[in-house]
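A short write-up of the structure that comes next.
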Amino acid sequence: MKVAVITFPGSNCDYDGYQAFKLLDGFEPEFRWHRDAALGDVDAVFLPGGFSYGDYLRPGAIAHLSPVMEAVRDFAAGGGPVLGVCNGFQVLCESGLLPGALLRNPSLRFRSHDVHLRVETTRSPFTSAYEKGAVLRIPIAHGDGHYTASKEELAELEGEDRIAFRYCTTEGGLAPESNPNHSEHHIAGILNPARNILGMMPHPERAVEDILGSTDGLGLFESLRAHLSGTLATQTP
């Protein structure tokens with residue numbers, strides 16, 4: 001199962017994603033440069049975190065115009081799974097592949113620490129290995145993570161079960177102090193209507209080994225592997 005790991009000028013989590021995929025048997029990650037006009041024969045796409053094009057204008061605003069993004073759009077339109085993390089989430093929103101936008105943290109500070117996420121749905125290629133309601137510990141590292149959308153878009157996300165993860169307390173509750181960037185509805189990750197695109201601000205690729213402090217991100221990669229191989233994912237509490 002080949003995964004295209006996209007690298008933009010300023011990406012700094014592309015190798016993290018590459019290594020996370022390498023940990024699991026069956027994945028063959030391959031780098032793709034932002035100027036590549038084609039993805040080649042791949043089964044999934046990973047858009048990494050970082051500061052593509054230096055976050056000029058706003059995060060993801062220039063990256064979504066890169067030649068490779070046209071290939072990503074075509075791949076997603078054909079049902080291919082696309083995962084965008086942090087800056088990758090911002091690129092997906094700028095591309096119109098996901099609704100809403102990521103704005104500057106209200107604190108005006110870069111936030112880099114572990115947070116807790118509640119799994120809101122298991123109905124996706126990225127979350128099927130988790131139990132609904134499970135609480136995960138995953139790191140964040142961003143200055144523009146405040147998710148916002150129109151009332152209509154937020155209602156659609158809620159009504160269509162397209163919120164993948166919410167920021168929460170260690171017990172799974174929703175409280176202002178558990179929402180590090182004051183995102184609307186505590187949203188940390190969302191799905192597109194076809195459920196084959198996931199964008200999220202926290203970094204699951206940085207929570208896949210004990211030495212990193214958490215392995216709670218493994219379930220996402222296990223879910224994707226199960227989806228691509230046509231098998232049932234083993235649920236991770």
Worksheet item: When DSSP assigns beta bridges and you keep just the ones with both residues in the chain, what percent turn out antiparallel, to the nearest 5?
Response: 60 percent
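Lys and Arg at +1, Asp and Glu at -1: add these up for the other residues within a Cβ distance under 14 Å of Asn12 and post the number. Could the numbers behind the result be given before it?
Details: positive: Arg206; negative: Asp14, Asp16, Asp55, Glu205.
Combined, the nearby Lys, Arg, Asp and Glu give -3.
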Discussion item. Which residue fluctuates most in the GNM of the chain (Cα springs below 10 Å): Asp14, Asp210, Asp74?
Written reply: Asp210
Worksheet item: According to a simple spin-label model (label point 7 Å from Cα along Cα-to-Cβ), what is the distance in nm between Tyr56 and Ala101?
Response: 2.0 nm
Discussion item. Need one number: nm distance between label points at Ser229 and Thr170, each 7 Å from Cα along Cα→Cβ, rounded to one decimal.
Written reply: 3.4 nm
Worksheet entry | Net lengthening on full extension, Tyr15/Arg123 (0.36 nm per residue, minus Cα-Cα) | 36.1 nm
Practice prompt. Let me have the 222 nm mean residue ellipticity of the chain computed from DSSP H runs of 4+ only, each contributing -39500 (n - 2.57), with the sum over all residues rounded to the nearest 500.
Written response: -6000 deg cm²/dmol
Worksheet item: Do you know the relative contact order of the range 2-229, to the nearest whole percent, from alpha carbon pairs under 8 angstrom that are 6+ apart?
Response: 20 percent
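Just flag the GluC sites (Glu not before Pro) in the range 65-146 sitting in loop per DSSP whose Cβ has no more than 15 other Cβ atoms within 10 Å. Please list the in-between numbers first.
Values: sites: Glu70, Glu94, Glu120, Glu131; in loops: Glu120, Glu131.
Qualifying residues, ordered by number: Glu131.
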Fill in: Among Ile62, Ile140, Ile163, residue whose mean-square fluctuation peaks in a GNM of the chain (springs only between Cα atoms under 10 Å)
Ile62
Response to the item:
Footprinting proxy, Leu157, Leu103: sorted fewest to most Cβ within 10 Å, the residues are Leu103, Leu157
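I need Asp16, Asp55 ordered by Cβ neighbour count within 10 Å, fewest first. Provide the component values of the computation, followed by the final result.
Values: Asp16 21, Asp55 18.
With the sparsest Cβ surroundings first, the list reads Asp55, Asp16.
I need the trypsin sites (Lys or Arg not before Pro) found in the range 1-91, filtered to DSSP loop residues with at most 14 other beta carbons within 10 Å of theirs. Mind dumping the intermediate values first?
Numbers: sites: Lys2, Lys22, Arg32, Arg35, Arg73; in loops: Arg35.
Those satisfying the criteria are Arg35.
If you add up the charges near Asp144, with Lys and Arg at +1 and Asp and Glu at -1, over every other residue whose beta carbon is less than 14 angstrom from its beta carbon, what do you get?
On the way: positive: Arg58, Arg104, Arg109, Arg111; negative: Asp55, Glu94.
Surrounding charge for Asp144 is +2.
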Worksheet item: In nm, to one decimal, how far is the modelled label at Ala38 from the one at Lys151, with both set 7 Å along Cα→Cβ?
Response: 4.8 nm
Response to the item:
When Ser52, Ser150 are ranked with the fewest other C-beta atoms within 10 Å first, the list becomes Ser150, Ser52
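What are the trypsin sites (Lys or Arg not before Pro) within the range 129-237 that DSSP puts in a loop, where the Cβ has at most 16 other Cβ atoms within 10 Å?
Lys132
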Worksheet item: By how many nm would the segment from His182 to Thr215 lengthen if fully extended, with 0.36 nm per residue of separation less the alpha-carbon distance?
Response: 9.3 nm
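We did not get these values from a lab; they are worked out from the coordinates using the rules stated. Because the structure is a prediction, the values reported are computed rather than measured. Note that each Cβ is placed from the backbone with ideal geometry, even for glycine, and that neighbours are counted across all protein chains shown.
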